[in-house]
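Chemist: Input: one structure, supplied below.
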Amino acid sequence: MSEQRASIGRVTAAIVAVAAMLPYLTLKVLWLTGSSIGTTDPRLLNDSAMIGLNAMTFGMEAVGLMLALAFTTRWGLRLPAWLVLLPLWVGTGLLSVVIVTVPIMLLAGGLSVFETGGPIEPWIYMMVYSGFIVQGAGLMTAFVLYSRDRWPAVFTTRIDHAFAGPTREFQTVVAWGALLVAVPIGVVKLPGGIQECVEGMLAIAGAVALVLMVRRRGRGPFWLPLVVAWLGSGSLFSGGLYAMIIASVRAPLGTPGSDLAELFGMLTGLVMGMCGAFLLAERWAAGSGVRDVQPVEHALEGVERERDRQAADDGHR
């Protein structure tokens, strides 16, 4: 892997993402340091559950900020793969749902959707969710461009690319099992609100895409089902985990939901993510990145070619 300089597109997308994160980070700092800006009930922010959740979400946003910076630097290409993929998988699982649902809700109900009647001012919701949409789009774009430079084989191989995988049979069992659980979870979510409906569709589509990847069904590009499985599994895991945290601490702004469905969703998303990680690791280890990309020159040719040619010329002389 060559450590080429980040393209202007990757840098621009990361800058946009960072700029969109700053208002949210500033708000969290203000709330954690005693300010009650944007609230009608100052006592809300003194609740221990709210303090913990504000600290947690500040940390999550800070991790996103560091990822955006990593996508623009050469040292970012040298980070261990799991250190990049794991937090981004969780983050995009949450942000992808927001990117889809908030515009739909605005088209359906206008700005009144932010008027919840709760202790948080409507302009806070407007600022936070608009920032989520912009940072999500910027972060995902930067990540795609970063991945294209670091793992080019993902974008050049097909679904049916043949390679030896020692855990393929196990992956098949896991993928089919995840599908059997994800479909009922998705069906339960479909009749709910806009957000639940989107989460349900992502769950079903992600599980189907994972089966296609493991079974190597189709002749299309590998990255297409990978994206669907990534978003579906990430949405199940991160959405379920966040809902379980909210329910366990009994946060004042928490929304009622089915704890059992969220628990199964979180576990199913985790299993799907681990299955996908095994698949990607084995696919990469099998050398797909070498066989599918034509090298410019042989490994030793660039080092020895001129010296060998000079020795041959001297011999003829």
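The values are calculated or read from the model by the stated rules, or taken from the named source; none is laboratory data. Predicted model, so just to flag it, every value in this text is computed and none were measured. We place every Cβ from the backbone using ideal geometry, glycine too, and count neighbours over all the protein chains shown.
Chemist: Go over the candidates VAL303, VAL293 one by one and state the one that is modelled with pLDDT under 90, surrounded by fewer than 20 Cβ atoms within 10 Å (Cβ to Cβ) and not in a helix (DSSP H, G or I). Lay out the reasoning, then the answer.
Modeler: Numbers: VAL303 fails: not in a helix (DSSP H, G or I).
Only one candidate qualifies: VAL293.
Chemist: Just one of THR73, THR40, THR101, THR92 is among the hydroxyl-bearing types (Ser, Thr, Tyr) and touching a strand residue (DSSP E or B) at 6+ places or on another chain (Cβ under 9 Å); which is it?
Modeler: On the way: THR73 fails: touching a strand residue (DSSP E or B) at 6+ places or on another chain (Cβ under 9 Å); THR101 fails: touching a strand residue (DSSP E or B) at 6+ places or on another chain (Cβ under 9 Å); THR92 fails: touching a strand residue (DSSP E or B) at 6+ places or on another chain (Cβ under 9 Å).
Of the residues listed, the single one that is among the hydroxyl-bearing types (Ser, Thr, Tyr) and touching a strand residue (DSSP E or B) at 6+ places or on another chain (Cβ under 9 Å) is THR40.
The rows are residues; the columns are (1) outside the structural domain of VAL227 (by TED's automatic domain parsing); (2) surrounded by fewer than 20 Cβ atoms within 10 Å (Cβ to Cβ); (3) hydrophobic (A, V, I, L, M, F, W, C).
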| residue | (1), (2), (3) |
| --- | --- |
| GLN171 | no, no, no |
| ALA175 | no, no, yes |
| LEU180 | no, yes, yes |
| GLY192 | no, yes, no |
| GLN195 | no, yes, no |
| ALA205 | no, yes, yes |
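Chemist: Against the condition closer than 28 Å to GLY64 by Cα and of a type outside the set (Gly, Ala, Ser), how does ILE185 come out, does it pass? Step through it out loud before you land on a result.
Modeler: Numbers: closer than 28 Å to GLY64 by Cα: no; of a type outside the set (Gly, Ala, Ser): yes.
So ILE185 fails the test.
Chemist: Related question: Out of GLY109, GLY9, GLY34, I need the residue that is out of contact with any Phe, Trp or Tyr (no Cβ under 9 Å at 6 or more places or on another chain) and at positive phi. Which one? Before you say what the answer is, go through the steps one by one.
Modeler: On the way: GLY109 fails: at positive phi; GLY9 fails: at positive phi.
Just one listed residue meets the conditions, GLY34.
Chemist: Could you identify the single residue in ARG43, ARG10, ARG5 that is among the charged types (D, E, K, R), closer than 26 Å to PRO80 by Cα and not in a loop (DSSP other than H, G, I, E, B)?
Modeler: ARG10
Chemist: So which residues in the range 65-83 are farther than 30 Å from GLU196 by Cβ and in contact with a Gly (Cβ under 8 Å, 6 or more places away or on another chain)?
Modeler: The first filter runs over the range 65-83 and keeps only residues farther than 30 Å from GLU196 by Cβ, leaving 66, 69-83.
Within the range 65-83, LEU69, ALA70 qualify.
Chemist: Moving to a separate point now. Which one is nearest to ALA13 (Cα to Cα), of the residues in the range 51-69 that are surrounded by fewer than 18 Cβ atoms within 10 Å (Cβ to Cβ) and in contact (Cβ under 8 Å) with a residue 60 or more places away in the chain?
Modeler: The residue in question is MET56.
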